[in-house]
1. For residues that are of a type in the set (D, E) and part of a helix (DSSP H, G or I), scanning just region 10-30, find the one that is farthest from A41 (Cα to Cα).
2. Could you pull out the residue among N85, N28, N92, N64 that is at pLDDT below 70 and either over 21 Å from the mean Cα position of the chain (by Cα) or loosely packed, with under 10 Cβ neighbours inside 10 Å (or both)?
Amino acid sequence: MKKEIDLHHQQIKDRLADIVGEYLDDDNYSFLTFVYDLNEAVKEWKDYHKQKQDKAAAVLAFINGPSDNLTGGITCSDSNITHFNYTEEELNAMCDKAASDQEKQQCQEYNLREAEYYNQRAKLDITTKKEWDDFWEHK
C-alpha cells in the first residue's frame, strides 16, 4: 500500500513540475500569470467543495431539523439578523417557497450562515490583499 501511495505522490508531483515548467518556459507569460492562475485554480477548487459542503449541510439540516450546532444558535427571530445585512422581509422573501415553517426557518438559517461566511470572506480577502500588496512593496 505504501508503494502505491509513494508512486501516486510521485506521479502528481511530476505533473505539477510539468505545469510549472510550461509556465516558466513560455516567454508569453510572466511569473505573475503563473501566480494568478495558480491562485484562481485553488479558489475554484475551494468554491467547488464549499458548494458540495453546503449542499450536504442542507441535507443534514433538513433530515435532522434545526440544531444550534449547525446554526450557531441563530434563528430568524434573533435581533442580529440585520448584522448579516438581511432584513426579516428579505429572509422571508428568499424562503417563500418552503413548504413548512420548519423548512422556512432552515432556509433562513442557511441564508444567515451564508451571509456570515461572505462577510468573513470579505474581511479575509481585504487582509490577504493588503498582505500581498505589502509583500510586493518590499520586494
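The values are calculated or read from the model by the stated rules, or taken from the named source; none is laboratory data. Since this is a predicted model, take the numbers as computed values, not measurements. Cβ placement follows ideal geometry from the backbone for every residue including glycine, while neighbour counts extend to all protein chains displayed.
1. Initially, region 10-30 is screened for residues of a type in the set (D, E), giving 14, 18, 22, 25-27.
If we keep only those that are part of a helix (DSSP H, G or I) as well, we get 14, 18, 22, 25.
Numbers: D14: 18, D18: 16, E22: 16, D25: 20 Å.
Filtering region 10-30 for residues that are of a type in the set (D, E) and part of a helix (DSSP H, G or I), the one farthest from A41 (Cα to Cα) comes out as D25.
2. Values: N85 fails: either over 21 Å from the mean Cα position of the chain (by Cα) or loosely packed, with under 10 Cβ neighbours inside 10 Å (or both); N28 fails: at pLDDT below 70; N64 fails: at pLDDT below 70.
Sole residue among the options that is at pLDDT below 70 and either over 21 Å from the mean Cα position of the chain (by Cα) or loosely packed, with under 10 Cβ neighbours inside 10 Å (or both): N92.
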